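Asker: Sharing a structure here in structure tokens format.
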Amino acid sequence: MREYLLTLCIVAAVTYLLTGPVRKFAIAAGAMPEIRARDVHREPTPRLGGIAMFGGLCAGLLVAAHLTNLKEVFELSNEPRALLSGAGLIWLLGVLDDKWGVDALIKLGGQMIAAGVMVLQGLTILWLPVPGVGPVSLTPWQGTLLTVALVVITINAVNFVDGLDGLASGMVCIAAAAFFMYAYRIWYGYGLEAAAPATLFAAILMGMCLGFLPHNAHPARIFMGDSGSMLIGLVLAAGAISITGQVDPDAMKLFEGSEQAAVHATVPVYIPLLLPLTVIAVPFADLVLAIVRRTWRGQSPFAADRGHLHHRLLEIGHSHSRAVLIMYFWSALIAFGAVAYSVNSAGVWFVLAIVVLSAVGLVLLLLPRFTPRVPRWAEAFVPPRYRRRAAPAPAARAEEPEAAGTSGPEQPGQPGKPESAAPEPLPAGLNGATAIGDRSRFTHRRKIGTPQ
């Protein structure tokens, strides 16, 4: 565990330190696309944040290869090299798309090629756990097709959810943390060394997201772009494929005893295939709603609009940060709920806790105007909008009526101001995240679903 945590911290530190120079490089290279009608941000923001994330990935693999225990992962398995090869291809494709733009079909082909490269180097699904049947061996063609499909779906799901500042990196970090807990339990609890690569991939993915998130939180100073979203999607899929394709369910001795006990015991076998779906769950629901909404209006399913879930959260009154936190909450509930279910699938308290947390999430979703206030002792650690307003002094309250009813010459010793003093003009050039005073969240206020 110490070596996993050390790798995580090094990846986070390298990613964090590289993001600043990468931002300057992106501005100098002109990787700042114009604001589109469906975008939420108000200012052109540089992309190419995936360059820093790829640097953190390389640093993590390099450090892990020289640690006492983790170096055995590189000696006994070719999966880290397969991950690096596929990640390099998908990262290069994303950089080209962030700078010059790449056609959607070309990107899809590149994603399939990156997945195929990983399959050729041994990172593939060898068997599939089927409920009621057990592990079913797959032919090479079946394993290849299933691996490529899982990689492509996960990459595009992460890319699809990257619509608000810090949303994609935070959701993937939550899923990676849940996946790390599951993979470490399989590796340490069951003593299966084949789960070590997946545990390493999850630790590296958490470090990549944690190191980039401070720069990407609202208001974002840099976006990860397709070079980052496709990269972290591929790493997440690689971890699921590794632990599904290499860990033998028979070695876990889960199929002993009665049929009912075996069904409950084999729940951990299916979790690797479910955890990537925790990231896909929210974007997939958004995708289905978008397709229905667009086809109902007679538009193409691929037509861009402002009807996504994060757009709707903003429209009903949630702030940018609160909308992101709400989606974090649902992702954490699904991801950690899946891991908790793999540990105790028959507990009544577990189901009750999920129901209660879901109710809390719905209440937070329906109360956009509620502003939480923290205790006085914690106000120094939170943004000003969460602090309590200071009450006016008694002397000031007593003087307010007199000041409202007096007119004429100034009082001695007090500087006077004209009654109708014009407000000071805003400094030139300030807008968007640096604006002073109230401003509209969107440039154009209109109903959801209406064309630009």
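Asker: Which pairs turn up if I take residues in the stretch 46-74 that are over 21 Å from Ile27 (Cβ atoms) and of a type in the set (Lys, Arg) and look for partners that are in a helix (DSSP H, G or I) and open to solvent by less than 40 Å² (accessible area, probe 1.4 Å) with beta carbon separation below 8 Å, at least 6 apart in sequence or on another chain?
Answerer: Lys71/Ala64
Asker: Mind telling me which of the residues Gly86, Gly109 ends up being in contact with a helix residue (DSSP H, G or I) (Cβ under 6 Å, 6 or more places away or on another chain) and part of a helix (DSSP H, G or I)?
Answerer: Answer to the selection: Gly86.
Asker: Answer with yes or no whether Asp103 is over 29 Å from Tyr328 (Cβ atoms) and either without any contact (Cβ under 8 Å) to a residue 24 or more places away in the chain or within 26 Å of the chain's Cα centre (by Cα) (or both).
Answerer: Yes, satisfied.
Asker: Checking Glu72 against (1) open to solvent by 50 Å² or more (accessible area, probe 1.4 Å); (2) over 20 Å from Asn156 (Cβ atoms); (3) at pLDDT 95 or above, which test does it fail?
Answerer: For Glu72, the failing item is (3).
Asker: Return the only residue of Ala285, Ala346 being modelled with pLDDT under 70 and open to solvent by 20 Å² or more (accessible area, probe 1.4 Å).
Answerer: Just a single option satisfies the conditions, and that option is Ala346.
Asker: Let me ask something additional. Quick one: which residue in Pro80, Pro46 is of a type outside the set (Val, Ile, Thr), assigned to a helix (DSSP H, G or I) and in contact with a helix residue (DSSP H, G or I) (Cβ under 8 Å, 6 or more places away or on another chain)?
Answerer: Answer to the check: Pro80.
Asker: Could you please find all residues in the stretch 17-30 being closer than 10 Å to Leu48 by Cβ, of a type in the set (A, V, I, L, M) and surrounded by fewer than 22 Cβ atoms within 10 Å (Cβ to Cβ)?
Answerer: Those that are closer than 10 Å to Leu48 by Cβ, of a type in the set (A, V, I, L, M) and surrounded by fewer than 22 Cβ atoms within 10 Å (Cβ to Cβ): Ile27, Ala29.
Asker: Please go through the stretch 114-141 and give me each residue that is assigned to a helix (DSSP H, G or I), open to solvent by 50 Å² or more (accessible area, probe 1.4 Å) and either within 16 Å of Ala198 (Cβ to Cβ) or modelled with pLDDT under 90 (or both), ordered by number.
Answerer: Pro140
The values are calculated or read from the model by the stated rules, or taken from the named source; none is laboratory data. Please read these numbers as outputs of a predicted model, since none were measured by experiment. Methodologically, a virtual Cβ is constructed for each residue, glycine included, from the backbone with ideal geometry; neighbour enumeration extends over all protein chains shown. For the accessible areas, the whole protein counts, side chains as well, though only heavy atoms, and no ligand, DNA or RNA atoms are used. Shrake-Rupley method; radii C 1.70, N 1.55, O 1.52, S 1.80 Å.
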